[in-house]
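Any read-out appearing in this document is the output of simple, stated calculations on the displayed coordinates, not a laboratory observation. As the structure is a prediction and not an experimental result, all values here were calculated from the model. Cβ sites come from the backbone with ideal geometry, for glycine too, and all protein chains shown count toward neighbours.
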Amino acid sequence: MSYEFVIKKRPKDSEAIIFSGKQEIAKIKKHEGFSFKLIRYKDKQEWVLSNIVDGQRRPFSYAVRKAINNSSRHETGEIHLGEEVFVVREQLFKHKGKFYMLASHPEGKSWIDYVNSSTRYISRLDNFPYPNLSDIDHGHYTLRHKIKRFRGTSVGEASGLGQHEGGHRVRLDKELADIGLFIATISYLLYASG
Amino acid sequence: MVEPNRVGEFPFRKADPEKRKTNFSEVQQPYSEQEVMKEAERCLLCGTPVCIDACPVLLDVRGMNEAAARGDFKTSYERIRETNPLLGVTARCCPQLQGLCEDACVLKWSGQPIAIGLIQRYIADWERKHRQPPPSIAQDTGKKVSVIGTGPAGLAASDLLRRYGHKVTIFESSNMAGGTAWYGVPDYHLPKEVLIDEIEKVKLIGVDIRTNITIGKNIPLSQLLEENDAILITTGSRDTVNLDVPGSNLKGVISGYEFLETVFSGGLENYLRKPKYDLGNDILVIGGGDTSLDCARTALRLTKGKSNVTVLCLHPKTELHVDPIMLQEADEEGVKFEFLVQAKSFQGDRKGHVTHAIINNVQMVAPDDSGKKSPVVIPNKEFKMKCSTLLIAIGRGPNSFLQKKAGINTGMHNAIAIADDFKTSMKGIFAAGDVTSGETLVVKAMEKGREAAQRVHEYLMNLESSHVSFYERYYTDMSYDRMLKGQEELSGPPD
């Protein structure tokens with residue numbers, strides 16, 4: 001079984017709608033500073049996404065924090081942020097003890113296919129040698145270069161630009177279903193928001 | 001030969017393989033001015049420029065394209081020179097489609113990312129014909145910094161340190177500056193006049209480069225430290241990984257790195273006038289990385305395209321750690337490949353010269369739960385290959401000479417151990433680039449050189465507590481608005 005999300009940039013440049021099938025399920029809006037807000041329609045749950053991860057602003061990174069409902073929010077307009085529920089750090093994330101990479105290239109596929117293709121894969125990195133995302137810097141200064149050479153098993157794909165008619169499509173295997181909304185949002189923000 | 005639309009709307013032109021394999025003229029052909037302008041016009045000028053995020057030196061790709069589309073190459077050059085002193089080098093050496101700017105370009109979703117490398121190359125080449133003033137330099141600080149090593153990390157660091165207003169001297173042990181970019185990248189990929197010109201521009205802003213001086217041998221590190229306010233070590237990768245199989249000491253079995261250095265370090269033309277190697281007709285290269293391809297294609301050219309050149313790779317074709325474009329070019333030139341093979345031994349003649357290689361076939365298996373695959377020899381499947389020369393390029397580690405000599409703390413593979421602020425275990429001494437991490441890309445070494453230079457500057461000026469990373473500064477400064485207005489006030493270094 002797989003899960004598919006489509007993200008379309010509208011109505012403003014700084015906003016996007018997320019669909020599951022034909023149903024609108026969430027919205028992305030520009031938030032304070034350089035962050036974004038993700039609002040899920042069914043329960044009005046909100047999250048704030050920021051590219052400050054592990055203490056500093058990083059490329060290809062987002063931290064997702066739950067927004068806590070605050071009764072005084074209407075008066076002050078303030079949002080209190082709760083725990084960090086999901087992190088992508090320089091295209092890598094950890095979920096249920098396993099590591100994954102966005103925009104990766106699965107094992108067995110020729111690199112020339114990667115170069116010529118317009119599909120980006122989400123791969124599970126079964127042989128990842130680090131225990132935590134934050135450990136990567138210390139022994140691996142060539143992160144962006146060598147990390148890209150870690151191959152894995154494809155568990156999802158992403159394609160399309162958010163501003164195009166078909167939108168940005170993210171398909172995920174069942175093992176990522178519970179964080180699918182976060183992955184789709186971050187994939188859009190990182191690669192397809194234009 | 002024209003490769004259909006690898007990137008951009010215009011063909012990615014390359015020199016004809018049958019002709020180019022007989023000489024060292026540049027393989028990649030440039031865009032014309034009209035093509036550059038049309039291609040730059042396709043840029044969406046994204047509000048979130050992923051291309052810049054993907055560039056290790058945060059080259060202002062968006063700004064470059066915006067100006068180039070208008071034909072304002074002067075502004076285009078200024079914008080990219082701001083963070084990249086080796087524009088022509090990186091335009092040619094970066095694997096843009098492998099995890100860098102072109103890979104990140106949002107137009108890749110439609111299959112046609114902007115040809116950022118070709119636009120950058122045009123701008124760099126344009127500047128060589130239409131000289132632009134050097135970038136701004138801050139007021140003299142009175143501080144002295146010595147940089148050890150003139151590879152990409154050292155050059156990028158020195159450029160930035162000088163722009164901060166410090167007096168900078170770089171020491172280079174060989175007779176030519178440039179490091180791996182000089183001796184390790186063949187001329188058909190990077191014509192040396194491009195590198196020489198960019199090194200001269202670094203010297204033009206007041207960086208003093210002194211060659212044929214080995215720190216730790218000609219001048220003790222301690223003496224250098226006394227004479228300077230800070231030292232930055234950028235001595236790169238040097239220690240080759242050796243292949244320990246029977247016959248490795250036969251004549252004609254050569255380190256691929258030594259081979260490239262011998263051919264290119266004194267200048268290609270000088271080598272061709274007086275070649276050292278008699279390569280013969282059957283050349284084997286053991287490797288599987290970019291250097292093994294460089295060795296293979298260089299050897300082919302030195303034999304005027306007539307020899308049989310085969311690269312022996314341990315990994316399957318789909319898992320090779322090479323630039324796929326380079327692999328394709330090698331294939332076009334007739335370089336052959338054997339995958340999933342491993343050298344068992346080498347045989348020689350009575351004069352002690354290699355004549356054959358005995359090769360094992362291997363398969364990759366995962367022997368334990370970790371899933372990590374290792375090569376396992378397939379029994380009774382070995383074969384023999386004739387060879388007149390065997391080049392070994394299976395990896396290099398950090399240049400360990402200085403840290404061993406001076407007693408600087410090291411990490412894995414004798415890399416200089418550094419903290420997040422690039423400081424080593426010795427006060428006043430910093431390190432960056434391949435000497436701290438092992439072999440990497442030219443642009444990655446430049447990234448680390450620049451970051452280290454920023455830290456050296458903060459150390460010298462007591463600004464360490466107010467450190468802000470380049471990425472943070474670029475992201476929050478929102479240069480996008482400034483670019484749109486067309487107002488450039490690049491009056492000082494990045495700080």
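In whole Hz, with x marking every Gly and Pro, tabulate ³J(HN,Hα) for the stretch B:68-78 from phi via Karplus 6.51 cos²θ - 1.76 cosθ + 1.60, θ = phi - 60°.
5, 4, 8, x, 8, 6, 4, 5, 4, 5, 4
Calculate the FRET efficiency for B:Arg42 and B:His130 from the Cβ-Cβ distance with a Förster distance of 22 Å, rounded to the nearest 0.05. Mind dumping the intermediate values first?
Numbers: r = 24 Å, r/R0 = 1.10.
That pair, B:Arg42 with B:His130, gives E of 0.35.
In Å³ and rounded to a whole number, note down the convex hull volume per residue for the Cα atoms of the stretch B:98-207.
Cα convex hull per residue, to the nearest whole number: 136 Å³.
Per DSSP helix of 4 or more residues, -39500 (n - 2.57); summed, then divided by the residues of chain B. What does that give at 222 nm, rounded to the nearest 500?
Roughly -10000 deg cm²/dmol at 222 nm, from the helical runs in chain B.
Fewest Cβ neighbours within 10 Å first, please rank B:Ile209, B:Ile233, B:Ile429 accordingly. Kindly include the intermediate steps, with their values, before the conclusion.
Details: B:Ile209 21, B:Ile233 32, B:Ile429 26.
Final ranking by Cβ density, sparse to dense: B:Ile209, B:Ile429, B:Ile233.
Return the lysines within reach of B:Lys19: Cα separation strictly under 29 angstrom, same-chain partners fewer than 8 residues apart disregarded; answer none if there are no such residues.
B:Lys129, B:Lys192, B:Lys274, B:Lys276, B:Lys304, B:Lys306, B:Lys317, B:Lys336, B:Lys386
Once you place label points 7 Å from the Cα toward the Cβ at B:Ala138 and B:Lys405, how far apart are they in nm?
About 3.1 nm, to one decimal.
Antiparallel as a % of all DSSP beta bridges within the protein assembly as shown, to the nearest 5?
Working: 77 of 111 bridges.
Antiparallel: roughly 70 percent of the beta bridges in the protein assembly as shown.
Which ³J(HN,Hα) values, rounded to whole Hz and listed in residue order, are derived for the stretch A:155-171 from phi using the Karplus coefficients 6.51, -1.76 and 1.60 in 6.51 cos²θ - 1.76 cosθ + 1.60 with θ = phi - 60°, glycine and proline given as x?
Coupling constants for the stretch A:155-171: 10, x, 9, 9, 7, x, 9, x, 7, 7, 3, x, x, 8, 9, 10, 10 Hz.
Along Cα→Cβ, 7 Å out, is where each label goes; now give me the distance between the ones at A:Thr119 and B:Gln363 in nm to one decimal.
Between A:Thr119 and B:Gln363, the label points sit 2.8 nm apart.
Fewest first, what order do B:Cys94, B:Cys105, B:Cys46 take by the number of other Cβ atoms within 10 Å?
Taking fewest neighbouring Cβ atoms as first place, the list is B:Cys46, B:Cys94, B:Cys105.
Given 25 °C and 0.890 mPa s, how large is the Stokes-Einstein diffusion coefficient of the stretch B:122-269 in µm²/s, with Rh as the Kirkwood radius over Cα pairs?
Stokes-Einstein gives a translational diffusion coefficient of 144 µm²/s.
With label points built 7 Å along Cα→Cβ from the Cα atoms of B:Ser248 and B:Gln34, find their separation and express it in nm.
Reported label-point gap for B:Ser248 and B:Gln34 is 5.7 nm.
How big is the dipole moment of the protein assembly as shown about its Cα centre under a simple scheme where the beta carbon of each Lys and Arg is +1, that of each Asp and Glu is -1, and everything else is neutral? Debye, nearest 20, please.
860
With θ set to phi - 60°, apply the Karplus curve 6.51 cos²θ - 1.76 cosθ + 1.60 along the stretch B:254-262 and write out the HN-Hα couplings as whole Hz, x wherever there is a Gly or Pro.
3J(HN,Hα) across the stretch B:254-262, in whole Hz: 10, 5, x, 5, 5, 4, 5, 5, 5.
Just to confirm the number: angle between the C-alpha axis of helix B:192-204 and the first principal axis of chain B, 0 to 90 degrees, nearest 10?
Rounded to the nearest ten degrees, it is 30.
Once Rh for the stretch B:1-134 is found with the Kirkwood sum over Cα pairs, what is the Stokes-Einstein diffusion coefficient at 10 °C and 1.306 mPa s, in µm²/s?
Once the numbers are plugged in, D ends up at 106 µm²/s.
With the cut-off at 50 Å, report for the protein assembly as shown the share of all Cα pairs above it, as a whole percent.
Tail of the P(r) past 50 Å holds 12 percent of the pairs.
Rg and Dmax of the stretch B:244-394, using alpha carbons, in Å: what are they?
Just the Cα atoms of the stretch B:244-394 yield Rg and Dmax of 15.8, 56 Å.
For the stretch A:2-192, divide the Cα radius of gyration by the Kirkwood radius and give the resulting Rg/Rh value with two decimals. Don't skip to the end; give the middle numbers.
Values: Rg = 16.8 Å, Rh = 17.3 Å.
We get a ratio of 0.97 for the stretch A:2-192.
Using the number of other C-beta atoms within 10 angstrom as an exposure proxy, rank B:Met37, A:Met101, B:Met412 with the fewest first.
Numbers: B:Met37 18, A:Met101 23, B:Met412 12.
Listed from fewest to most nearby Cβ atoms, that is B:Met412, B:Met37, A:Met101.
For chain A, what is the mean residue ellipticity at 222 nm derived from helices alone (per DSSP H run of n ≥ 4: -39500 (n - 2.57); sum divided by total residues; nearest 500 deg cm²/dmol)?
-3000 deg cm²/dmol
Kirkwood-based Rg over Rh for chain B (C-alpha set), two decimals?
Reported Rg/Rh, Kirkwood definition of Rh: 0.98.
Please grab the % of Cα pairs in the stretch B:376-462 that end up more than 22 Å from each other.
Everything past 22 Å amounts to 44 percent.
Rounded to the nearest 0.05, what FRET efficiency do B:Asn281 and B:Ser466 have when you use their Cβ-Cβ distance and R0 = 56 Å?
Working from the Cβ atoms, E equals 0.35.
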